[in-house]
1. Once the principal axes of the Cα atoms of the stretch B:260-404 are found, what is the range along each, listed largest first in whole angstroms?
2. When the helices in chain B are scored as -39500 (n - 2.57) per DSSP H run of 4 or longer and the sum is shared across all residues, what 222 nm value do you end up with, to the nearest 500 deg cm²/dmol?
3. How big is the charge dipole of the protein assembly as shown about its Cα centre, in debye rounded to the nearest 20, if each Lys and Arg gets +1 on its Cβ and each Asp and Glu gets -1 on its Cβ?
4. In Å, the Kirkwood hydrodynamic radius of the protein assembly as shown over pairs of distinct alpha carbons?
5. Decide, for the stretch B:82-148, between rounded, prolate and oblate: order the square roots of the alpha carbon gyration tensor eigenvalues as a ≥ b ≥ c, take rounded if a/c falls under 1.5, and otherwise choose prolate if a/b is larger than b/c, else oblate.
6. Taking the mean number of other Cβ atoms within 10 Å as a proxy for protection, how do you rank B:202-208, A:4-10, B:328-334, B:374-380 from highest to lowest?
7. For chain B, take N as its residue count and report Rg(C-alpha) divided by 2.2 N^0.38 Å.
8. With a bin width of 10 angstrom, please list the P(r) values of the stretch A:4-77 as percents of all Cα-Cα pairs, from the 0 bin to the one holding the largest distance.
Amino acid sequence: MATADDIEARILALLTAKVKQDVAVTRDTNIVADTGLDSVSVMDFVLELEDEFDINIPLDRIAEVKTVADLAAAVQDLGGSS
Amino acid sequence: MGIKDRIAAVEATYGRLRALGRDPSRLEFQNVWSPTEATLEGRPMMLFGTNNYLGMTFDPEVLEAGTAATRALGSGTTGSRIANGSYGGHKALEAEITRFYAKQHCIVFSTGYVANVGMITALGGKDDVLLIDADSHASIYDGCKMADAETIRFRHNGPEDLARKLKRLEGHPGDKIIIVEGIYSMLGDTAPLAEFAAVKREAGEGVYLMVDEAHSLGVLGESGRGQCQATHVEDDCDFIVGTFSKSVGTIGGYCVSNLAGFDAIRSFCRPYMFTASMTPGTVSTARAAFRRMAERPELRARLWSNCSALYRGLGDLGFETGPEVSPVVAVKLRAPEIAVALWNRLIDEGVYTNIAIPPATPNALSLLRVSVSAAHTETQIERALNIFASVGAELGIIEPGAGRAERFHVITGGAAAKAGGRTRPAPQGPASAAATT
Ligand SMILES: Cc1ncc(COP(=O)(O)O)c(C=O)c1O
């Protein structure tokens, strides 16, 4: 099982690659409000996370997520590793 | 965010569109007089933005059946079939659709939206998992939201991604319900159903496949049953859902299945139980339309020859189109503003299409959804392509193209070119000037 810090770092790396350069992404970044990504792009980002961590992320879990830290907690809770 | 904020957000979005031209949410047709012609802004418009794939809405027998039933049985049922009872027509329609699909059971719903929400909530119980294509229609997403089951989304038309997700669920005790569509309504692409069916079979017991044939009923398959029939996997499709709002030309929805005891769903499916049933008029309209569909297979042939003409024609002009020949031809554009401009100029010139821009589209695409009907004439398609050519060149989307007659010789095998006398000249003005250079 990966550590929370490790999961967070990997999510930050993937998200940074996805958003425009001028937005600094941190663990407190609100994934919808602060990144300029629309709701469909966020959903597609989740597909990437499912591959990265070899987990399924149900839609209702995404609905609860606001920040990168929330997302990392959800990924860890769902058994994210690989 | 409260209701006032949401209204303000919508106003801002549509305000931006309105500033560039018309507001697509406020268009009003003053009159519609055939499957392909209407009046908009007081001017005649060729309709290339409907789902009237077979042109059923003005079939004389269909119209007669609907009006006769309305006169005989009244304008509405005023209640649901569970609370207020079925009419004979509801039962007959279900029997006829069952026979059409060569399946054992059918339930008819009030709309296609309700059919999806109803079936998904009925299938997706508390410990079950719904696995849906990422580009699913809103009614599928809404059904998932309402169901007690968990929902997992897999990549659009991605059987491999679905297989990975099912593998992660190995040992999970609940049912798994895979949901895909026959033809996707925005890009007109079809689902690789043989591959999906193989993934389903591989995953073993308790895994079901549901296919929404909304845009493929009457369009695909030897007898028009849809993509399940076209790809020869009907036995693997446990639940086939569809709507009467497109090829059937009225309103209503259905699900067919061979599941033992399927009819019991009527007793716990809330979207079946708690909304009024189809009216006598729409029931009889749908029955007549299914009959006409069977009697007139040439409509499907006509539709496909029109599909090819429009798809190839737009491609030859230099527009970037969707991935395959289909009754829905997506014209992909570089930016939302370009889509808005093209959509507006086409209406100016008498061609109505649908506009779709982010976030309503997959992959942040901006596109015009151009749809074709068996009821379109060669001349209408030719005229529409000419207008696309001139407006597209005017807006700098495509290079000013080859001569009209030559182009149509390629597209329609010369029939339209030979009948040149029937062809209306391209509209005058700056648009046509650009096309002739
Ligand atoms: C794929 C798909 N499913 C379901 C529906 C809903 O059908 P209806 O218009 O009958 O509610 C539509 C169209 O609106 C659709 O495109």
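1. Between the extreme Cα coordinates on each principal axis of the stretch B:260-404 lie 60, 38, 29 Å.
2. On the way: 17 runs with 185 residues, N = 437.
That comes out to -13000 deg cm²/dmol.
3. Numbers: 50 positive and 65 negative charges, 402 e Å.
With only Lys, Arg, Asp and Glu charged at Cβ, the dipole is about 1940 debye.
4. Values: mean 1/r = 0.0403 Å⁻¹.
Value: 24.8 Å, from the Cα pair sum.
5. Values: a/c = 2.18, a/b = 1.79, b/c = 1.22.
Prolate, since a/c reaches 1.5 and a/b exceeds b/c.
6. Numbers: B:202-208: 13.9, A:4-10: 15.7, B:328-334: 22.0, B:374-380: 20.3.
The peptides rank, most packed first, as B:328-334, B:374-380, A:4-10, B:202-208.
7. Numbers: Rg = 22.6 Å, N = 437, 2.2 N^0.38 = 22.2 Å.
Chain B yields a ratio of 1.02.
8. In whole percents, the pair-distance histogram is 20, 63, 17, 0.
Rule-based calculations on the coordinates, nothing more; no lab input. Just so it is clear, the structure is predicted and the values come from calculations on it, not from any experiment. Please note: Cβ atoms are built from the backbone with ideal geometry, for glycine as well, and neighbour counts cover all protein chains shown.
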